[in-house]
Each structure stands twice: as C-alpha cells, then as structure tokens.
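Have a look at the structure below, then the notes.
The values are calculated or read from the model by the stated rules, or taken from the named source; none is laboratory data. The structure displayed is predicted, hence computed values, not measured ones. No Cβ is skipped: glycine too gets one built from the backbone with ideal geometry, and neighbour counts run over all protein chains shown.
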Amino acid sequence: MRIAVTTALDPDPSESDAAERVAVRYGWPATARDGRSFAKVAASCDVDWLLILSARRVSLWADGVERVWTPGMGELRLKRLLSGERTTHDGLLDAADLRPGDAVLDATLGLGMDALVVAGAVGPTGSVVGLEASTLLAAMAAEGFLRLPAEAAGRIVVAAIDADTYLAQASPRSFDVVLFDPMFRQGRAQGGSFDLVREFGDAAPLTVERLARARHVARRWVVVKDGAPGLDLQRLGLTPLPYARGAGRLYARVAPL
C-alpha cells in the first residue's frame, strides 16, 4: 500500500508540522498541497492513498473519494456516560465493569470508538492502550484523538502493533482488563468510516493462543465481543453473559490465568 501524508488546501504551519510528524513516525512521505487537488498530489508522489491532516479533522483519500475519521457512536456514548444520563445499557461497559483508575488494553482498536468510551469510564486516573495491526488505522485513530475536545481522548495511547507481538512482550498482570472486538463473521452494512476497518483491519479470528496470552496479561478478566448468534464465542468455548432477546452483540468474560 502506497501512502503519503498531506494537508488541507491552505494549511497553517501547525498543520504542515503535523503532516511531517506523522510521516516520520510511520515512514511515509509527506508532501505539500501547494493548492493542488488530491488527485494531482497523489499522482505527483506516485501513491494510491493520501492521509490528510488538518487542524480539525483526519481523512483518507483514494480514487476520488475522501473518507473522514469520526468517533461515530463512541462520542455519543461518551457524552451519555459523562453526563450520568446513560438511559440505555452500553453492552461493552456493562460487560467490562470498568472502575476509575483501571488500566485497560484494547487489543483490537480499529478507529477507536470503544477506546474513547473506555477512557471516559476509567477516568483521569486510568489509562487505555489501543493496539492496531493496521498502521493506517492506527495513524487515523491517534491523530483523530488529538483533534477531539474530549479529555478522555488524551488518555488513549495508540500502538501500531499486532496483538500477538504486544502480548508476548507484556508483563503478567499489567492491565486490569483486556478487550477483544474481532471482526464478526456476519458483517453488517454500517457504512461511513467503519468501512475503513473492514477494508484495512485484521480479519483473522481470535485464536485460543492469543486469548491465553491475554489472560496472563489481565488482572481481572478478558472481555470478548462477538456478533449474534455468537459463533466465535462458541468456537472458543466461551459462554456469553446474559443478554436481551434480539441483541446484536454478545460478550463473554474470561478469567485470568
């Protein structure tokens, strides 16, 4: 995949600096817009994809289409949590039972929607590390968090690394809770930025070996999400937590080893 980093049409110095910073971090070329269209910028540096950084947003361009990073429902869920007006259950928060000050490892970050809510739940004394095997998705999430006004976004550390590698290096009992939200076998038509996860994310199913490594790293439990009817939970020998009839998402808790 050939990627270059660029800016908005008329960037200020901070936007240009951000493009340079991200390019160096991920080993991609950075190129100035110079008033050019995205198509001309991409052609000039012979790349297929452009990561576009402006002061307020992060987007990805390819083949004439620009897709903007957004926290999606994660932002609304966070607002409900922080306002104390969560009138409907949040399946992930109910399953993880997070506490202020918790250290959480999100082993399947994607675009960071769940991580944002988790960061709100653990509060200012807690921490969240998000792992993303796709360098492109990791870069979009990390830069997107920097542009959110929510204080919780600043508590998320994004690591562009696959879960197996990270877990093999992590110390035992180094996180209170480890989260897995692997790709569901039964994909739903969601559209928007979620399509980026489908296109670039790791579609490999959660393995017994990876789950075992996570159980060594967790102090309290590992939480695994699955789409109904829970075929991957069954494959892993996991029993879902009680759920409402017709629920589209199922969760299982797994004790540490």
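The rows are residues; the columns are (1) more than 26 Å from residue 216 (Cα to Cα); (2) surrounded by fewer than 24 Cβ atoms within 10 Å (Cβ to Cβ).
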residue	(1), (2)
77	yes, yes
93	no, yes
98	no, no
115	no, no
123	no, yes
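Could you check how many residues of the stretch 5-19 are closer than 21 Å to residue 48 by Cβ and surrounded by 14 or more Cβ atoms within 10 Å (Cβ to Cβ)?
5
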### Task
Go through the stretch 90-208 and tell me which strands (runs of 3 or more DSSP E), entirely inside it, have 1 or more residues that are farther than 21 Å from residue 26 by Cα, acidic (Asp, Glu) and modelled with pLDDT of 95 or more.
175-180
### Query
Does the stretch 31-40 contain any residue that is surrounded by 12 or more Cβ atoms within 10 Å (Cβ to Cβ), part of a helix (DSSP H, G or I) and touching a residue at least 24 places away in the same chain (Cβ under 8 Å)?
yes
### Query
Can you pull out the residues in the stretch 214-242 that are touching a Leu at 6+ places or on another chain (Cβ under 6 Å) and not hydrophobic (A, V, I, L, M, F, W, C)?
215, 216, 226, 230, 240
### Query
On the given criteria, is residue 75 assigned to a strand (DSSP E or B) and among the charged types (D, E, K, R)?
no
